[in-house]
Amino acid sequence: MNTENTHESRPARRLPIRPRRLRTTAAMRSLVAETTVSAKHLILPAFVRSGQNGPQEIGTLPGQYRHSLDSVRRLAAQCAEAGIGGIDLFGIPLPEEKDACGSPARDPQGILNRAIAAVREEVGDALVVCADTCLDEFTDHGHCGVTDENGVVDNDKTVALYAEMAVSQAQAGAHMVSPSGMMDGQVAAIREALDENGFTDVSVMAYSAKYASAFFGPFREAVDCCLKGDRKTYQQDPANRREGIREALLDIAEGADIVMVKPASHYLDVVCELAGQSPISVAAYQVSGEYSMVEAAAQRGWIDRERAVRESLTAITRAGADIILTYWALEYAQTMQA
Ligand code: PBG
């Protein structure tokens, strides 16, 4: 017997279990793929600015735009046509419109409420029209709420303003409001105000586990945020996983319809754990920094952009997210979906 050949002639006996068999062809790999990212579960965040004339590209978010009312309508129509799940609208008032309590956020003629109405008129129910329910774009100090004489954000006064803001968004036609300010009790207050005003069918997507993240940087530039300092007294410490689950469970108890983890990619443990416990859908927000890092590396030829986008969305889905907010939502639906 030729002992030298033993290894080649009897491979099956020695190694019957070969995971590589399921990777032999593209068809085989596709057959056994455990995770599929489908466009209908994606939401596109979009920015609308007061006094804007047509779309203007955002320097820190290449491929994303500050829209006018007309151009956001066209964008929303494209989203509906492409079959994504929803659009999440952010308003950017002019600097001179901002004040200490973020008044344009609650004004029916404020930029965000006008955008909601315009988009809703354009798409009807073809798309879930969602609105960011937070004050940071509207306050002259840039915090997500009103501050006391020491500059500390006052939780309960802020929550009352969020409730008013949510009602104004529902009046403008939002299907869903999404409180992102991390104030205690915000979901309960918004639910109660919506119900009292007859908007029992308007849903609440709660930014439940939102971390004080450096990856929001490009967004702050995009919305002309005035913040000096940080949000560490209301957004969570990136060190804390249990606390993220606690926040989400509280939001569920307060009546949230969807809970969210934000950012997504660096918090997949939180997404995964929450997905295992939550009786309602879990969303994850792939934030501006996650987007811009890939775009910037791709511009330099350092990374394969499309593969990186697909992989990041797959990873977030694999971790357990049912819904993903991503700046790539429309493009993914149009050209990247397998
Ligand atoms: C607050 C809000 C922020 C983002 C969404 N909602 C910014 C912040 O908390 O500073 C960040 C989104 C992103 O980075 O893409 N209204």
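The values are calculated or read from the model by the stated rules, or taken from the named source; none is laboratory data. Predicted model, so just to flag it, every value in this text is computed and none were measured. Positions of Cβ are backbone-derived with ideal geometry, glycine not excepted, and every protein chain shown enters the neighbour counts. In case anyone asks, the SASA skips ligands and DNA or RNA and just uses the protein heavy atoms, side chains included. Shrake-Rupley method; radii C 1.70, N 1.55, O 1.52, S 1.80 Å.
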With the condition kept exactly as written, say whether any residue in region 261-268 is within 16 Å of the ligand (Cβ to nearest atom), part of a strand (DSSP E or B), out of contact with any His (no Cβ under 7 Å at 6 or more places or on another chain) and not aliphatic (A, V, I, L, M).
-> yes
Within region 318-333, count every residue that is under 12 Å from Asp269 (Cα atoms) and assigned to a helix (DSSP H, G or I).
-> 2
Any idea which of (1) crowded, with 21+ Cβ neighbours inside 10 Å; (2) within 15 Å of the ligand (Cβ to nearest atom); (3) of a type in the set (A, V, I, L, M) is the one Met293 doesn't satisfy?
-> (1)
In region 228-260, residues that are open to solvent by less than 60 Å² (accessible area, probe 1.4 Å), of a type in the set (Val, Ile, Thr) and within 16 Å of the ligand (Cβ to nearest atom) total 2
Matching residues in region 147-167 - criterion: being without any contact (Cβ under 8 Å) to a residue 12 or more places away in the chain and of a type in the set (D, E, K, R) = Asp148, Glu149, Asp154
List every residue pair whose Cβ atoms sit under 8 Å apart, with the two residues 6 or more apart in sequence or on different chains, where the first one lies in region 326-338 and is under 22 Å from Ala26 (Cα atoms) and the second, anywhere, is in a strand (DSSP E or B).
-> Tyr332/Leu42; Tyr332/Thr326; Ala333/Leu42
Residues satisfying the stated conditions in region 64-79, i.e. within 15 Å of the ligand (Cβ to nearest atom) and under 16 Å from Leu325 (Cβ atoms) | Gln64
Hey, among Ala209, Ala222, which residue is more than 10 Å from the ligand (Cβ to nearest atom) and touching a residue at least 60 places away in the same chain (Cβ under 8 Å)?
-> Ala209
Looking for whichever is modelled with pLDDT of 95 or more and over 21 Å from Asp107 (Cβ atoms) here; the options are Glu196, Glu164, Glu192. Which one fits?
-> Glu192
In region 313-330, how many residues are within 16 Å of the ligand (Cβ to nearest atom) and not polar (S, T, N, Q)?
-> 10
So, first residue surrounded by 13 or more Cβ atoms within 10 Å (Cβ to Cβ) in region 108-126, second residue of a type in the set (Asp, Glu) and assigned to a helix (DSSP H, G or I), Cβ within less than 6 Å, six or more apart or across chains; the pairs are none
In region 47-63, what residues are closer than 21 Å to Ser178 by Cβ and open to solvent by 20 Å² or more (accessible area, probe 1.4 Å)?
-> Arg49
Within region 153-203, work out how many residues are more than 16 Å from the ligand (Cβ to nearest atom) and of a type in the set (Phe, Trp, Tyr).
-> 1
